[in-house]
Amino acid sequence: MAGRRDRRIEPSFGEPSRTAPEDGFSVREEDRVVPSRRKAAPKRKSSKAKGQRRRGRSGRGLLGVFGRLVYWCFVLAIWGGIAAAGIVVYYGAKMPAATTWEIPDRAPNIKIVSVDGKLIANRGMSGGEALTLKEMSPYIPEAVVAIEDRRFYSHFGIDPIGLTRAMVTNVLGGRFSQGGSTLTQQLAKNLFLKPDRTLERKVQEVLLALWLEHKHSKDQILQMYLNRVYFGSGAYGVEAASRRYFGKSARDVTLSEAALLAGLLKAPSRLSPARDPKAAEERAQLVLAAMQDEGMVSAKQVATAMSAPATRAPSYWTGSENYVADTVMEELPDLIGEVQGDIVVDTTVDLTLQKIAEKSIRELIDQNGKKLNVSQGALVSIDSSGAVRAMVGGYDYSTSQFDRASEAKRQPGSAFKPFVYMAALEAGRTPDSVRNDAPIRIGKWTPTNFGGKYYGKVTLATALAKSLNSVAAQLTMEVGPNAVVEAAHRMGIQSDLTANTSIALGTSEVTPLELTAAYVPFANGGYRPEIRFIRRITTADGKLLYANDGGNTPRVVKPEIVGMMDSMMAGTVQVGGTAKKAAFGWPSAGKTGTSQNSRDAWFVGYTANLTTGVWFGNDNGSPMKKVTGGTLPAQAWHEFMLAAHEGVPVRPLPGGWKRAPADAIVQDDGPAPVPSAAVGTGQARQAVPTASRQPPQPATETVDAGGFGMPGEDTAPTASIRRPVPPGDVGGPLKKKSTSILDILSGG
């Protein structure tokens, strides 16, 4: 007993003891406090039970996956909403306080009109007047709403339906093809935001759209949109676009035209009828269909509108009058400061003359461009009061907006010689003074005549008519280059001029505008007027902001000098002169000019009414093929002046000079003959001018410009000039005579 009591008894779990204890003690598996890690042997189950169990697990799995998907979608939606709200709050906080938001003023329109009230151009960011919805054609707002935002009158600034549709379309298409922005959002973007495609800009656009809907009515929003949106080809607003594409006000737009305008909004540049009329027509037909779907128009109206063929609109701002408009825009800040509201600028330009000038330039280039290698031309016409009547700055404004009339500096060649001869006359020479036209050498410079032909002894009148370089160089040496520069500046040349002997042949560059302006005193009797494009600026309601009637005009050259110069330059347009092709039956005068290798060809001529300068050449300075001032420029001048003077009473040139009788010939006071074969020999003689001079004009004398005045003025035509009493020494002999090499050689 004691031995069995001392022996340890190990319990067994879940299985019968091989050696049953004598006292019958045993423990089962379920009696354990901590379950055993050993797995119980699996029980065998029938195949039927197994199949039912598999089907149950599969059903519960699909439901579980779908439930989890719904759950996580819901969670993501919540977090997405929180994130979106955070973005809105973040970008909204970067915007100014809503209390400071206000509609910015519409960019002012600058309406530029001709002297007879015809529209030249609308400029400014709008380019047209602001119209109310009631003023514009009713088809315009209907067409825009139908194609751009058909739920405009029902949404609150954001269109959830349209936005969802756009998102689905973009996802299915795999590219960004629709934006989903409402008209209100587009207006908000145009008014306040930059055209950046960023998340920040989109959030701000939404916030501003909601604010616009809160502050303004639907009609007000639509009206602001139509007056500011871009329609392509530089046209902002429906009024500018209507005038740009149809040549009429938006008040008179038809259904088919309204559909075309509305169709442009999707892609203003690509769909412009000025670029692709077929694409514009196709888009317009989509607009008409949308209008019919919305019940805005009937099927009959759509059929009638669709039958109108698309026509190609002129290229963007093609007319040469836009060179004038550009000049006006440059001058405005100096005249009235910053433009605060819509204004009307009355110019001095005659639109009829402007079109004639443009035609004369373009036709000659079209006919001779390839043959003579000439691609550009410019024309400026100024009346005797200084009012610019026409200005063409190039062959085609749409392809080049660079204004060659007022900005391009080119060598004038012999067209500069009148200032040389004027300085010589003021120094005591006359048109009958004689010089020897022969080869000369001045230092290392040897001026030669065109074609290498020399005429021997000639009068100054003949030398100028034939444009003899040798004689012009001699005169420059006699009076000194400084005297020539002073005379040119006094007459109206503003560019810097180099005072050397070669200035006699026009080597210093000038613009066509200033060269033409410098000839005006020859045409009006010796007065230098202010050159002007603008005569009046008013607000849209008629308040006068600026006016210019020409004012006082100083005398810059004596009447007898004007008479002699007119007599000399009249020979240029007569038989034997270099510009005989310019003659058109009126008393006229002028001077041709051709720079080296025919890079520039000029003719500047005048009547008692108009002074007109013409230039032909190439922008890159390449030589033309035998084009001189007496060819294309003289022809263009002839065509323009002939049309400009049609029906105008003939008037003689101002001043007066008569040749002296033979027995009045006296010794010339020019230099003595130079003992050099390079200069020529022989004694020159001159004629003494007669007393046939015009008496001084009274200070209040008004000279009629011969029908080129501006209509509607209470006073004398603004094309007239008021002549003040001239200073006694203006245009007189130089007080200090310049010393030249010829003076030294002659002992002068």
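Couple of notes before you dig in:
- Within the range 572-581, the presence of at least one residue that is touching a residue at least 40 places away in the same chain (Cβ under 8 Å), part of a loop (DSSP other than H, G, I, E, B), among the β-branched types (Val, Ile, Thr) and open to solvent by less than 60 Å² (accessible area, probe 1.4 Å) is confirmed.
- Subset of the range 621-634 (residues that are under 27 Å from the mean Cα position of the chain (by Cα) and under 15 Å from residue 596 (Cβ atoms)): 621, 622
- Subset of the range 436-458 (residues that are open to solvent by 30 Å² or more (accessible area, probe 1.4 Å), under 13 Å from residue 474 (Cβ atoms) and of a type outside the set (Ser, Thr, Tyr)): 436, 439, 441, 442, 445, 457
- Residue, surrounded by the most Cβ atoms within 10 Å (Cβ to Cβ), within the range 614-632, restricted to residues that are part of a strand (DSSP E or B) and touching a helix residue (DSSP H, G or I) at 6+ places or on another chain (Cβ under 7 Å): 614
- Subset tally (residues that are farther than 19 Å from residue 151 by Cβ and either touching a helix residue (DSSP H, G or I) at 6+ places or on another chain (Cβ under 8 Å) or surrounded by fewer than 16 Cβ atoms within 10 Å (Cβ to Cβ) (or both)) for the range 275-303: 14
- Residues in the range 596-611 that are open to solvent by less than 10 Å² (accessible area, probe 1.4 Å), farther than 15 Å from residue 565 by Cα and in a loop (DSSP other than H, G, I, E, B): 609 only.
- Pair list, Cβ < 6 Å and 6+ apart or interchain, from the range 217-233 residues that are touching a residue at least 60 places away in the same chain (Cβ under 8 Å) to residues that are part of a helix (DSSP H, G or I) and open to solvent by 50 Å² or more (accessible area, probe 1.4 Å): 228/190
- Count of the range 633-643 residues which are touching an Asp or Glu at 6+ places or on another chain (Cβ under 9 Å) and either open to solvent by less than 10 Å² (accessible area, probe 1.4 Å) or free of Cβ contacts under 8 Å to residues at least 60 places away in the same chain (or both): 1
- Positions within the range 459-481 being among the charged types (D, E, K, R) and open to solvent by 10 Å² or more (accessible area, probe 1.4 Å), in sequence order: 466
- Count - residues of the range 488-511 that are in contact (Cβ under 8 Å) with a residue 60 or more places away in the chain, within 22 Å of residue 405 (Cα to Cα) and in a helix (DSSP H, G or I): 5
- Scanning the range 384-397 finds one or more residues that are open to solvent by less than 30 Å² (accessible area, probe 1.4 Å) and touching a Pro at 6+ places or on another chain (Cβ under 7 Å).
- Screening residue 237 with (1) crowded, with 22+ Cβ neighbours inside 10 Å; (2) of a type outside the set (S, T, N, Q); (3) farther than 30 Å from residue 120 by Cβ gives one miss only, at (3).
- In the range 323-343, the count of residues that are farther than 23 Å from residue 233 by Cα, of a type in the set (A, V, I, L, M, F, W, C) and more than 19 Å from the chain's Cα centre (by Cα) is one or more.
- Tallying residues that are over 16 Å from residue 467 (Cα atoms), touching a residue at least 12 places away in the same chain (Cβ under 8 Å) and of a type outside the set (Asp, Glu) within the range 598-632 yields 21.
Residues checked against (1) within 30 Å of residue 251 (Cβ to Cβ); (2) of a type in the set (A, V, I, L, M); (3) at pLDDT 85 or above; (4) open to solvent by less than 70 Å² (accessible area, probe 1.4 Å):
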residue: 133; (1), (2), (3), (4): yes, yes, yes, yes
residue: 136; (1), (2), (3), (4): yes, yes, yes, yes
residue: 167; (1), (2), (3), (4): no, yes, no, no
residue: 172; (1), (2), (3), (4): no, yes, no, no
residue: 176; (1), (2), (3), (4): no, no, no, no
residue: 183; (1), (2), (3), (4): yes, yes, yes, yes
residue: 200; (1), (2), (3), (4): no, no, no, yes
residue: 205; (1), (2), (3), (4): no, no, no, yes
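- Single residue of the range 530-549 satisfying the filter (open to solvent by 10 Å² or more (accessible area, probe 1.4 Å) and part of a loop (DSSP other than H, G, I, E, B)) that is nearest to residue 585 (Cα to Cα): 531
- Taking first residues from the range 278-303 that are over 11 Å from residue 260 (Cβ atoms) and partners that are aromatic (Phe, Trp, Tyr), the Cβ contacts under 9 Å between residues at least 6 apart in sequence or on separate chains come to 291/139; 296/139; 297/139.
- Odd one out for residue 121, checked against (1) among the small types (Gly, Ala, Ser); (2) closer than 29 Å to residue 210 by Cβ; (3) open to solvent by less than 50 Å² (accessible area, probe 1.4 Å); (4) at pLDDT below 90: (2)
- Single condition residue 371 does not satisfy, out of (1) in contact with a helix residue (DSSP H, G or I) (Cβ under 9 Å, 6 or more places away or on another chain); (2) in contact (Cβ under 8 Å) with a residue 40 or more places away in the chain; (3) open to solvent by 40 Å² or more (accessible area, probe 1.4 Å); (4) not β-branched (Val, Ile, Thr): (1)
- Residue 591 vs. criteria under 18 Å from residue 366 (Cα atoms) and more than 30 Å from the chain's Cα centre (by Cα): no
- Boolean, residue 344 is part of a loop (DSSP other than H, G, I, E, B) and open to solvent by 20 Å² or more (accessible area, probe 1.4 Å): no
- Number of residues in the range 509-530 that are in contact with an Asp or Glu (Cβ under 8 Å, 6 or more places away or on another chain) and not polar (S, T, N, Q) equals 1.
The values are calculated or read from the model by the stated rules, or taken from the named source; none is laboratory data. Everything numeric in this text was worked out from a predicted model, so none of it was measured. Because the Cβ atoms are built from the backbone with ideal geometry, glycine has one as well, and the counts that use them run over all protein chains shown. These accessible areas exclude ligands, DNA and RNA; they are computed on the full protein's heavy atoms, side chains included. Shrake-Rupley method; radii C 1.70, N 1.55, O 1.52, S 1.80 Å.
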